[in-house]
Amino acid sequence: MKISFPIMGNSYLAFKQLVKDIGHEPIVAPLPTARTMSLGTMYAPEFACIPFKIMLGTYLEAIEKGAEVIVASGGHGPCRAGYYGVLHQKIIQDLGYDTKIIVFDSIAKTYKEFISKLKWLLKTGQTSWWQFLKAFRPAWAKLKALDEIEILSYHVRPYEINTGETTRVYRKCLQLMDEPITPSDIKEAGEVCVQMLRNIPQDKSRKPLKIGIIGEIYVLIEPFANLDIQATLGEMGVYTERAMHLFHWIKENTKLSRHEKKVIKLAQPYLRQMIGGHGINSIGETVMFAERGFDGVIQLAPFSCIPEIVAKGILPQVSHDQEISVMTIFLDEMMGKAGMQTRLEAFVDLLLQRREHRLAEAL
């Protein structure tokens, strides 16, 4: 069976391997482009958010390549993401396609349903549970290695002497990580990539601004959706850290991790109940970045995303109490690279002035 999945950062490399190893043919859609967005916008409801539109465009491009089944993740709480799969399925059917969408919600919340859907995938691929466990291990290792390499690239970029070199090396790393199959091969390729990134000439005397990136998970992770904000800031000489990466997010949705508990606890003085999506995370992570001495925080939110709109209404108070500057960027299909660049430059200038003012006060 030909199976596809959403494009979300670099995770497609791990999912591609897993689908193949459980007996199916992986169909990897093209990385999102203006055409992807155009397709999604054409057929999506007008006020659907940007993740919905990009994912729909990606599914249609995967169907063009022959995808028979699309496997996606769901959402929880009062967030529209939980209905994406249903609406995507209806739109695809209305367009005359027979492609089936299978949505996996959190195993911790829908255990029986999760296992039932997984059984179907394994049965159609003529794969036993033992074979699945053997296939899952290298895919999990690859996903973890991909996240570690990406994180390292963001740490190196603000110190690079030759602007753009980290991006070029990182692209080579993705090509290297697409080849290994066994856990040992994946580990070796990951170590090679780490060394390649560390070997980039750097000026460690720099003291870059530190900005935390928070918000809705899809626009945080997919660079096409956020106009590659972390690479852009890095090449402006800013050190960035993202609140979520897919490997850690999957772990936290399997069980409530220590980190997730801490985030919720830090958010409680401002928000005491779950509001769906990652709204409560945006509050807690802002407090966490402030406690770690970051200069500022950028909230990335899909236009019309209710959980992030609620969080945005609370963040000014968090910003005041924690003495950390916060900027919100709402993303939709109309946002362009030039507009993003202008806003980032203005925010960075503001943070630099604030840093200089604090230093002057300390003297």
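The values are calculated or read from the model by the stated rules, or taken from the named source; none is laboratory data. What you see is a predicted model; the values in this text were computed from it and never measured. A quick note on method: Cβ atoms are made from the backbone with ideal geometry, for glycine too, and the neighbour counts reach across all protein chains shown.
Each row is one residue, and each column tells you yes or no for (1) closer than 15 Å to residue 213 by Cβ; (2) surrounded by fewer than 19 Cβ atoms within 10 Å (Cβ to Cβ); (3) touching a helix residue (DSSP H, G or I) at 6+ places or on another chain (Cβ under 8 Å).
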| position | (1), (2), (3) |
| --- | --- |
| 285 | yes, no, yes |
| 297 | yes, no, yes |
| 311 | yes, no, yes |
| 314 | no, yes, yes |
| 341 | no, yes, yes |
| 347 | yes, no, no |
| 356 | no, yes, no |
Considering residues that are out of contact with any Asp or Glu (no Cβ under 7 Å at 6 or more places or on another chain) and without any contact (Cβ under 8 Å) to a residue 40 or more places away in the chain, the number found within the stretch 21-38 is 6
Taking the stretch 8-20 and keeping residues touching a residue at least 60 places away in the same chain (Cβ under 8 Å) and either closer than 20 Å to residue 228 by Cβ or in contact with a Cys (Cβ under 9 Å, 6 or more places away or on another chain) (or both) leaves 8, 9, 10, 11, 13
Here is a check on your reading of the model: is residue 96 assigned to a loop (DSSP other than H, G, I, E, B) and either touching a Lys or Arg at 6+ places or on another chain (Cβ under 7 Å) or within 21 Å of residue 30 (Cβ to Cβ) (or both)?
no
Restricting the stretch 91-116 to residues that are within 21 Å of the chain's Cα centre (by Cα) and small (Gly, Ala, Ser), the one surrounded by the fewest Cβ atoms within 10 Å (Cβ to Cβ) turns out to be 108
(request) Determine if the stretch 123-142 includes at least one residue that is among the basic types (Lys, Arg) and part of a strand (DSSP E or B). (result) no
Note: among 363, 359, 352, just one is touching a residue at least 12 places away in the same chain (Cβ under 8 Å) and either among the charged types (D, E, K, R) or not assigned by TED's automatic domain parsing to the domain that holds residue 50 (or both), namely 352
Tell me, yes or no, whether the stretch 277-291 has at least one residue that is outside any helix (DSSP H, G or I) and more than 17 Å from the chain's Cα centre (by Cα). no
How many residues of the stretch 73-90 are of a type in the set (A, V, I, L, M, F, W, C) and crowded, with 20+ Cβ neighbours inside 10 Å? The answer is 2
Here the residues within the stretch 298-324 that are assigned to a helix (DSSP H, G or I) and among the β-branched types (Val, Ile, Thr) are 306, 309, 310, 314, 318
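Here's the yes/no breakdown for (1) at pLDDT 95 or above; (2) on the phi < 0 side of the Ramachandran plot; (3) among the hydrophobic types (A, V, I, L, M, F, W, C); (4) within 21 Å of the chain's Cα centre (by Cα):
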site	(1), (2), (3), (4)
43	yes, yes, no, no
48	no, yes, yes, yes
61	yes, yes, no, yes
67	yes, yes, yes, no
72	no, yes, yes, yes
80	no, yes, no, yes
Going through the stretch 236-274 in order, the residues found to be touching a Gly at 6+ places or on another chain (Cβ under 7 Å) and touching a residue at least 40 places away in the same chain (Cβ under 8 Å) are 240, 241, 243, 246, 274
Counting only residues that are acidic (Asp, Glu) and outside any helix (DSSP H, G or I), the stretch 148-171 contains a total of 1
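Yes/no matrix, rows are residues, columns are (1) surrounded by fewer than 16 Cβ atoms within 10 Å (Cβ to Cβ); (2) of a type in the set (Ser, Thr, Tyr); (3) within 30 Å of residue 356 (Cβ to Cβ):
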{"site": "118", "(1), (2), (3)": "no, no, no"}
{"site": "126", "(1), (2), (3)": "yes, no, no"}
{"site": "134", "(1), (2), (3)": "yes, no, no"}
{"site": "154", "(1), (2), (3)": "no, yes, yes"}
{"site": "179", "(1), (2), (3)": "yes, no, no"}
{"site": "182", "(1), (2), (3)": "yes, yes, no"}
{"site": "195", "(1), (2), (3)": "yes, no, no"}
Counting only helices (runs of 4 or more DSSP H) entirely within the stretch 1-89, those with at least 2 residues that are over 28 Å from residue 251 (Cβ atoms) are 34-43, 50-64
